[in-house]
Amino acid sequence: MASFNKVIIVGNVGRDPEKRSTTSGKAVINFSVAVNNNTKLPSGDWKEETTWFRVVAFDKLAERVADRAKKGNSVLVEGRIQTSEYTNKEGAKVNSWEVIASDVRFLDRKPREDGGFVGAGDASSAPAASSAV
């Protein structure tokens, strides 16, 4: 039987990325993405809920994200969900989920030198090769 683990999220970068290196020298970047969902309540009012995703990128993708991503940027992240378990400060086991990014596209329009705008799908947001963990 085949299996498949893929996620696509579109949201806003919640904090400036944290860049570091693995012991073998590969670039790693961690950042969060907030995705807002609007739900209509029985009363007719709307309620906005925010879901936070932790995202990790490696190698060239990490370098590209580190150079471009800032808090508030609108991004599309494609990747897979990875789970892990750790023991917190209180000694309790905690499950954690994060997105291992295979691609990050910047959706914000940024000004060009000629006065126009660079949009989504521009060379600065071209897909990067996926990295194994």
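Which order, highest average first, do 17-29, 79-91, 55-67 follow once you tally other Cβ atoms within 10 Å for each residue and take the mean per peptide?
Ranking the peptides 17-29, 79-91, 55-67 by packing returns 55-67, 17-29, 79-91.
Cβ under 9 Å from Ser32's Cβ, Ser32 left aside: what net charge do those residues give with Lys, Arg +1 and Asp, Glu -1?
+2
At a Förster radius of 41 Å, what calculated FRET efficiency corresponds to the Cβ-Cβ distance of Arg109 and Ile81, to the nearest 0.05?
FRET efficiency, Arg109 to Ile81: 0.90.
Can you run phi through the Karplus equation (6.51, -1.76, 1.60; θ = phi - 60°) for region 61-67 and list ³J(HN,Hα) in whole Hz, with x for Gly and Pro?
Values, residue by residue: 5, 4, 4, 5, 5, 4, 6 Hz.
Using the beta-carbon distance between Thr22 and Ala2 and R0 = 30 Å, what value does 1/(1 + (r/R0)^6) give for FRET efficiency, to the nearest 0.05?
0.45
Take the residue pairs Lys40/Lys93; Lys40/Lys70; Lys6/Lys60; Lys71/Lys93 and return only those whose Cα atoms are more than 28 Å apart.
Lys40/Lys93; Lys40/Lys70; Lys71/Lys93
Compute the Cα gyration tensor for region 28-113, then decide on rounded, prolate or oblate, letting a ≥ b ≥ c be the square roots of its eigenvalues: rounded whenever a/c is under 1.5, prolate when a/b is larger than b/c in the other cases, and oblate in all that remain.
oblate
Could you tell me which of rounded, prolate or oblate describes region 1-74, using a ≥ b ≥ c as the square roots of the eigenvalues of the alpha-carbon gyration tensor, with rounded for a/c under 1.5 and, failing that, prolate when a/b is larger than b/c and oblate otherwise?
oblate
Give me, ordered by chain and number, the residues 5 or more places off Leu107 or on other chains with an amide H under 5 Å from its own placed amide H.
The answer is Ser74, Val75, Leu76.
Read-outs: derived from the displayed coordinates by stated rules, not from any lab. None of these values were measured; they are calculated from a predicted model. Please note: Cβ atoms are built from the backbone with ideal geometry, for glycine as well, and neighbour counts cover all protein chains shown.
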